[in-house]
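Here is the structure we will look at.
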Amino acid sequence: MARSQGVDETLAALADPTRRAVVELLCAGPRRAGELAEALALSPPAMSRHLRVLRTRGLVEEDRGEGDARVRLYRLRRERFEELGAWLERVESFWSGQLESFRVHAERRARRRRS
């Protein structure tokens, strides 16, 4: 299975519980950095650092408000999450295959014991 730098970067970014919490909050819709900081009881500089990591890894994007250039809304980007989801599906497929093989093996053994 080929390694994907995108999946590696996504997992590294999401390894931090605060960044996962930011993603959870953004699942409800776009938010300003201040709203995210307040919701997670973080200082603005700390939130800025977490948002920078998520932005540089391609997990979130910032959208400057039309009326006020100082207002930045953060929203999730779909691409990296889709890539992560595809990787997880491949891993799940492996385990599903393993479990199916085990089921077949167990049924064969049970039939042999009954014979």
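Things worth noting here:
- Within segment 45-72, the set of residues being at pLDDT 95 or above and among the hydrophobic types (A, V, I, L, M, F, W, C) comprises ALA46, MET47, LEU51, VAL53, LEU54, LEU59, VAL60.
- Residue list for segment 56-75, restricted to those being closer than 17 Å to ALA12 by Cβ and either in contact with a strand residue (DSSP E or B) (Cβ under 6 Å, 6 or more places away or on another chain) or in contact (Cβ under 8 Å) with a residue 24 or more places away in the chain (or both): ARG57, GLY58, LEU59, VAL60
- Filtered residues of segment 44-71 (kept if under 28 Å from GLN5 (Cα atoms) and in a loop (DSSP other than H, G, I, E, B)): ARG57, GLY58, LEU59
- Taking the numbered list (1) assigned to a helix (DSSP H, G or I); (2) free of Cβ contacts under 8 Å to residues at least 60 places away in the same chain in turn, ALA41 passes all entries but (1).
- Filter result for GLY29 (loosely packed, with under 13 Cβ neighbours inside 10 Å, part of a loop (DSSP other than H, G, I, E, B) and within 20 Å of the chain's Cα centre (by Cα)): yes
- For segment 1-28, the set of residues classified as modelled with pLDDT of 95 or more and over 19 Å from ARG49 (Cβ atoms) consists of CYS27, ALA28, listed by residue number.
- Test set (1) of a type in the set (D, E, K, R); (2) closer than 28 Å to GLN5 by Cα; (3) surrounded by 13 or more Cβ atoms within 10 Å (Cβ to Cβ) - GLU38 fails condition number: (2)
The values are calculated or read from the model by the stated rules, or taken from the named source; none is laboratory data. As the structure is a computational prediction, the values presented were derived from the model and not from experiment. Glycine also receives a Cβ, built like all others from the backbone with ideal geometry; neighbour counts cover every protein chain displayed.
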